[in-house]
């Protein structure tokens, strides 16, 4: 389809590859001409020093791969797409002039604002102190791109209107790999799939808003699937207050805190078929006190929950849930503290744990029996090699019962235990 668009050559507008001067004015004339005919502008391989370019209508800007580099001198955004539809970028490199530096107020390399049908494909984003790609109230797709040495967030979306972030490679990032946010709780519908995300730090500190491979905030109906995420300071995937979010079939390893976190005022979450290894804790679906409820946690493998790297003794739980949740068919191995934790204090309501296999953990399954705690069903699980107790009632962090898996153990009210196999 792109080949049928009117074609414009950058050289006709006086653009010269590898010229040691700012060519912003010349390339802006070429962009405006391409928009006027809804055409396709091609850039030859080489380095182009530019800043503050704007695309304000439908067109395609194409380079020849990483050899076509748009380099920004100090300050400014390289390119903005403003109030436009059907804009395509492909085969382009966006790079600041020098190593990643600056603070979080540094302008992004590329900005997309109130745009639809934007297609960014096979582009590279490198070396910026702020964000790589910033999208605001926009939709489209980011595919087969590479983001590296970005000081803040590689891909940041606020208020998406139908966005796909798929098949990208994101590595060596300061704060978050992919950030899908909404200004308040509402449907978002973004698809984040089959990305490779590696080495995400938490340059801005804090206890979890930064340091995540994928970060969702107040964005509902987001699907996160098939991603490979490793070496994040905090979580591989963190959903704060996003309703009806699906987190399915991701591979997560070497995480500093909880690998998959569903927290605060979410309502509705599916966490299924993920593989997690070498993490502080595996999966946390919590904050019933903030309205967090309604979840299915199934078919996950969690291996080696060793505790948070910077907080000895914290975490080290395979899976924890609190309210209106089914936990079924998971396999948990080598969780230092607890394999499966049901509730915390009064924060327990309508939880069923069935058909899970739990091996070589401190406590196999813990269940809250604190004042105000609600109902729990624990049935048909296999618990092998629990060092402290197979099933233990707890009041917050304190053991409040003996091993409830033993024959004749007095059963706490609102807890039903049956048909578990303990060895």
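The values are calculated or read from the model by the stated rules, or taken from the named source; none is laboratory data. Computed from a predicted model, the values in this text were never measured in an experiment. FYI the Cβ positions are ideal-geometry reconstructions off the backbone, even for glycines, and counts take in every protein chain you see.
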Test: residue in segment 250-268 that is over 26 Å from residue 288 (Cβ atoms), in contact (Cβ under 8 Å) with a residue 24 or more places away in the chain and within 13 Å of the chain's Cα centre (by Cα): yes
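Does residue 339 fit the bill of being buried (at least 24 other Cβ atoms within 10 Å of the Cβ), assigned by TED's automatic domain parsing to the domain that holds residue 398 and within 22 Å of residue 389 (Cβ to Cβ)?
Taking the combined requirement at face value, the residue satisfies it.
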Applying the selection to segment 9-41, what residues are in a loop (DSSP other than H, G, I, E, B) and on the phi < 0 side of the Ramachandran plot? 15, 16, 17, 19, 20, 21, 23, 37, 39
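Of everything in segment 296-308, what is part of a strand (DSSP E or B), without any contact (Cβ under 8 Å) to a residue 40 or more places away in the chain and closer than 24 Å to residue 362 by Cβ? Give them in sequence order.
Of all residues in segment 296-308, those part of a strand (DSSP E or B) come to 296-298, 301-305.
When the remaining residues are screened for being without any contact (Cβ under 8 Å) to a residue 40 or more places away in the chain, the result is 296-298, 301, 303-305.
297, 298, 301, 303, 304, 305 - these are the residues of segment 296-308 that are part of a strand (DSSP E or B), without any contact (Cβ under 8 Å) to a residue 40 or more places away in the chain and closer than 24 Å to residue 362 by Cβ.
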Exactly one of (1) crowded, with 18+ Cβ neighbours inside 10 Å; (2) closer than 21 Å to residue 264 by Cβ is unmet by residue 372. Its number? (1)
Boolean, residue 245 is crowded, with 20+ Cβ neighbours inside 10 Å, under 15 Å from the mean Cα position of the chain (by Cα), in contact (Cβ under 8 Å) with a residue 24 or more places away in the chain and not assigned by TED's automatic domain parsing to the domain that holds residue 415: yes
Restricting attention to segment 283-295, does a residue exist that is more than 21 Å from residue 346 (Cβ to Cβ), in contact with a strand residue (DSSP E or B) (Cβ under 9 Å, 6 or more places away or on another chain), surrounded by 18 or more Cβ atoms within 10 Å (Cβ to Cβ) and not assigned by TED's automatic domain parsing to the domain that holds residue 199? yes
Looking at segment 189-218, which of the residues that are surrounded by fewer than 17 Cβ atoms within 10 Å (Cβ to Cβ) and in contact with a strand residue (DSSP E or B) (Cβ under 7 Å, 6 or more places away or on another chain) is farthest from residue 234 (Cα to Cα)? 194
So which residues in segment 376-410 are surrounded by 14 or more Cβ atoms within 10 Å (Cβ to Cβ) and assigned to a loop (DSSP other than H, G, I, E, B), if there are any at all? 380, 381, 385, 386, 388, 404, 405, 409
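Inside segment 309-332, can you point out the residues that are crowded, with 20+ Cβ neighbours inside 10 Å, on the phi < 0 side of the Ramachandran plot and in a loop (DSSP other than H, G, I, E, B)?
If the condition is that a residue be crowded, with 20+ Cβ neighbours inside 10 Å, on the phi < 0 side of the Ramachandran plot and in a loop (DSSP other than H, G, I, E, B), then 322, 330 are the ones that fit.
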Within segment 210-242, the count of residues that are within 12 Å of the chain's Cα centre (by Cα) and at positive phi comes to 2
Test for residue 371: is it over 31 Å from the mean Cα position of the chain (by Cα) and touching a residue at least 40 places away in the same chain (Cβ under 8 Å): no
